[in-house]
1. Hey, could you check region 139-189 for residues that are within 23 Å of residue 29 (Cα to Cα) and of a type in the set (Val, Ile, Thr) and say which is nearest to the chain's Cα centre (by Cα)?
2. If you scan region 113-126, which residues turn out to be assigned to a helix (DSSP H, G or I) and either β-branched (Val, Ile, Thr) or open to solvent by less than 10 Å² (accessible area, probe 1.4 Å) (or both)?
3. Looking at 50, 34, which is the one that is in a helix (DSSP H, G or I), at pLDDT 95 or above and surrounded by 18 or more Cβ atoms within 10 Å (Cβ to Cβ)?
4. If you check 137, 132, which single one turns out to be aliphatic (A, V, I, L, M), assigned to a helix (DSSP H, G or I) and either farther than 27 Å from residue 195 by Cβ or open to solvent by 10 Å² or more (accessible area, probe 1.4 Å) (or both)?
5. Report yes if some residue within region 188-210 is in contact (Cβ under 8 Å) with a residue 40 or more places away in the chain, open to solvent by less than 10 Å² (accessible area, probe 1.4 Å) and assigned to a loop (DSSP other than H, G, I, E, B); otherwise report no.
Amino acid sequence: MAMLTAAFDCSKDKDRKYFVMAGLVSSADEWVSFDVEWRKRLASDGLAYFHMHRFAHATVCPQKPFDKTWIGQETRRKDLLSDLLDIIKSHAWRKVACILPVNVLDTITPDARRYFFPSLIATAGSLLWTEIETWRIREKFRYRAQMIFEQGDEHRGTLVDLLTNSTGSAPILQPKKDDLSKGILGFTPLQAADILAYEIQKISQLEGRPMPECFRIPYEALDRIPGDIRLFTDTGAQIQLQTLMVNEYFKAHPLGSGGVH
């Protein structure tokens with residue numbers, strides 16, 4: 001029986017209008033194979049890890065892990081990204097993602113926010129957990145997915161607390177890249193989720209502008225992976241709040257306990 005593992009990454013646009021969380025789901029065994037192929041392809045270009053934002057500017061203004069040998073090398077850049085996208089598509093079984101306007105929680109009362117929506121990252125994590133659970137049950141996977149997030153994400157404590165309280169199991173925080181001086185190996189599927197989050201963020205920035213005839217090539221490639229992208233609006237937040245409050249009530253007053261009249 002496949003043990004599901006989901007890797008997540010987050011992104012904010014430069015104008016801080018949208019918060020994006022994106023995840024890729026596969027089996028633990030698939031991610032082991034992915035890790036081998038991913039590292040091998042990066043090593044062929046002398047890279048210790050991959051970072052999408054820095055990659056986007058690698059041929060003009062390179063930053064680690066990219067160096068000056070990438071300046072002007074657009075073909076090299078395209079070849080690398082094409083190969084990495086192929087590796088992702090061959091191993092990821094499903095994608096999930098949500099786009100949150102950064103002010104989406106403003107309509108929620110402080111008490112409700114504290115309990116149900118303590119931060120954007122916690123809200124997004126809770127929403128995507130539900131998406132994955134719905135898919136898992138439909139596809140008849142026996143075990144719940146293991147949720148893995150980057151170790152250094154902002155407000156990660158609220159994410160851990162909310163998911164632990166609502167699902168009964170804590171998400172795992174892992175580094176995205178290796179730190180060999182400390183004997184730490186990064187979880188490379190987080191680097192793949194970074195690409196998906198970056199591309200969705202780029203699409204979200206088209207708000208109020210004509211949609212292009214052709215989306216960005218990386219987005220089009222990743223869009224072929226089954227799964228949905230959700231936009232969480234003010235109305236959605238209110239509906240989610242009502243659902244969570246009902247669920248909490250029935251946790252405290254199970255049917256048959258004499259607590260419901």
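1. Among them, the one singled out is 148.
2. Narrowing region 113-126 to residues assigned to a helix (DSSP H, G or I): 113-116, 120-126.
Within region 113-126, 121, 122, 123, 124, 125 qualify.
3. Working: 50 fails: in a helix (DSSP H, G or I).
Checking each option against the conditions leaves just 34.
4. Values: 132 fails: either farther than 27 Å from residue 195 by Cβ or open to solvent by 10 Å² or more (accessible area, probe 1.4 Å) (or both).
Testing whether each residue is aliphatic (A, V, I, L, M), assigned to a helix (DSSP H, G or I) and either farther than 27 Å from residue 195 by Cβ or open to solvent by 10 Å² or more (accessible area, probe 1.4 Å) (or both) leaves just 137.
5. yes
The values are calculated or read from the model by the stated rules, or taken from the named source; none is laboratory data. All of these numbers come straight from a predicted model, not from anything done at the bench. Don't worry about glycine lacking a Cβ; one is built from the backbone with ideal geometry, like all the others, and counts go over all protein chains shown. Only protein heavy atoms, including side chains, enter the accessible area calculation; ligands, DNA and RNA are left aside. Shrake-Rupley method; radii C 1.70, N 1.55, O 1.52, S 1.80 Å.
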